[in-house]
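The values are calculated or read from the model by the stated rules, or taken from the named source; none is laboratory data. Please read these numbers as outputs of a predicted model, since none were measured by experiment. In this analysis, Cβ positions are derived from the backbone assuming ideal geometry, glycine residues included, and neighbour counts consider all displayed protein chains.
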Amino acid sequence: MIEFSCSDFSFPLLSHEKALELISLMDFKQVDIGLFKDISHIQPKDQLDFPAKKGEALRKLTSDKNLKVSDVFMQSSKDFSEYAINHPNPSVRAGEREMFLRAMEYTVSAGCIHFTGLPGVLFDNDSSKICIDELSWRVEQAKQFNVIYAVEPHYGSIMEIPEKALELLNDVPGLRITLDHSHYTAQGVNMECLRPMIRYASHMHARSAAKGEMQTTFSRCETDFTTISKDIKEMGYSGTICLEYCYLDWENCNRTDNVSETIILRRHLAKLLNIAEH
């Protein structure tokens with residue numbers, strides 16, 4: 001059954017504990033955790049230097065707020081290319097593999113079975129081949145931890161275009177995605193092009209977007225959530241949908257009232273998907 005979660009990084013002006021309290025007060029039972037270097041409340045290096053200990057501390061903190069961690073989403077740098085998993089420099093790739101293994105331990109210790117990473121970027125003609133190798137390795141490693149490994153096809157990534165995303169998914173058996181339609185709405189991509197991607201989705205992000213606007217208010221939203229909800233039901237998606245409003249300078253994602261927009265969109269999706277509200 002589809003359930004909703006909320007991202008902890010939607011409310012960066014609060015302390016992490018207060019952000020979790022707010023999410024719980026908004027009647028969410030699940031929370032998505034961001035490990036974004038120089039962006040999120042908690043930082044990858046700090047958490048992954050002691051993954052078991054810090055993961056367990058996160059599990060206890062979220063449990064105390066009556067929340068369960070639904071996804072751990074990691075980004076090693078604000079710059080998508082600096083530590084991309086398919087970076088041309090082998091030493092960078094080796095470092096990211098080590099970070100990934102620590103992230104798996106952290107995810108499990110946090111009581112979570114789903115991890116999201118970034119898929120890499122386009123550097124040169126070898127980018128796709130390296131990407132396939134790195135993604136395949138991560139899929140196999142995640143299995144050893146009983147964790148579902150997904151990547152988020154996003155604006156600025158090697159999976160920016162739906163056709164390329166599907167090509168990579170076909171080339172890497174077992175790879176899943178965290179599907180966020182806003183990255184494609186902002187590019188003016190028709191939602192029909194994203195329908196085939198739903199079969200690979202193990203997690204979803206949802207927020208209002210419009211052409212040229214990665215994040216906007218519900219009143220300005222151009223993402224066709226009616227069609228998306230119909231596709232979700234027809235294709236049997238049963239994962240979590242995270243209300244993932246951000247508050248950061250990137251793509252002007254700091255111009256919305258995230259509390260109100262989160263509540264409005266969740267109610268809209270609940271109605272479309274026939275999900276009982278708390």
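Key figures
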quantity	calculated
Within segment 223-252, considering residues that are closer than 17 Å to S7 by Cβ and touching an Asp or Glu at 6+ places or on another chain (Cβ under 9 Å), the one modelled with the lowest pLDDT	E251
Conditions (1) of a type outside the set (D, E); (2) over 18 Å from the mean Cα position of the chain (by Cα); (3) at pLDDT below 95: number failed by K271	(3)
Single match in K78, K60, K65 (criterion: touching an Asp or Glu at 6+ places or on another chain (Cβ under 7 Å), more than 18 Å from L248 (Cβ to Cβ) and among the basic types (K, R))	K65
Residue check, M235 touching a residue at least 12 places away in the same chain (Cβ under 8 Å), closer than 30 Å to W137 by Cα, surrounded by fewer than 16 Cβ atoms within 10 Å (Cβ to Cβ) and not basic (K, R)	yes
Those residues of segment 159-173 which are of a type in the set (G, A, S) and without any contact (Cβ under 8 Å) to a residue 12 or more places away in the chain, in sequence order	none
Criterion (out of contact with any strand residue (DSSP E or B) (no Cβ under 7 Å at 6 or more places or on another chain), among the hydrophobic types (A, V, I, L, M, F, W, C) and within 20 Å of Q187 (Cα to Cα)) met by exactly one of A276, A209, A270	A209
Flag for L269 being of a type outside the set (D, E, K, R), more than 27 Å from K37 (Cβ to Cβ) and touching a residue at least 60 places away in the same chain (Cβ under 8 Å)	yes
Criterion: out of contact with any Ser or Thr (no Cβ under 9 Å at 6 or more places or on another chain), of a type in the set (S, T, N, Q) and touching a residue at least 40 places away in the same chain (Cβ under 8 Å) - qualifying residue of S40, S77, S5, S91	S77
Helices (runs of 4 or more DSSP H) wholly inside segment 1-100 containing at least 3 residues that are out of contact with any helix residue (DSSP H, G or I) (no Cβ under 6 Å at 6 or more places or on another chain) and surrounded by 14 or more Cβ atoms within 10 Å (Cβ to Cβ)	16-25, 51-64
T107 in a helix (DSSP H, G or I) and touching a Phe, Trp or Tyr at 6+ places or on another chain (Cβ under 7 Å)	yes
Pair list, Cβ < 7 Å and 6+ apart or interchain, from segment 206-220 residues that are closer than 18 Å to A270 by Cβ to residues that are assigned to a strand (DSSP E or B) and among the β-branched types (V, I, T)	A206/I241
Every residue from segment 238-258 that is surrounded by fewer than 15 Cβ atoms within 10 Å (Cβ to Cβ) and not hydrophobic (A, V, I, L, M, F, W, C)	S238, D249, N252, N254, R255, D257
Output for segment 229-278, where each listed residue is in a helix (DSSP H, G or I) and of a type in the set (V, I, T)	I232, V259, T262, I263, I264
So I148, is it among the β-branched types (V, I, T) and farther than 17 Å from L101 by Cβ	no
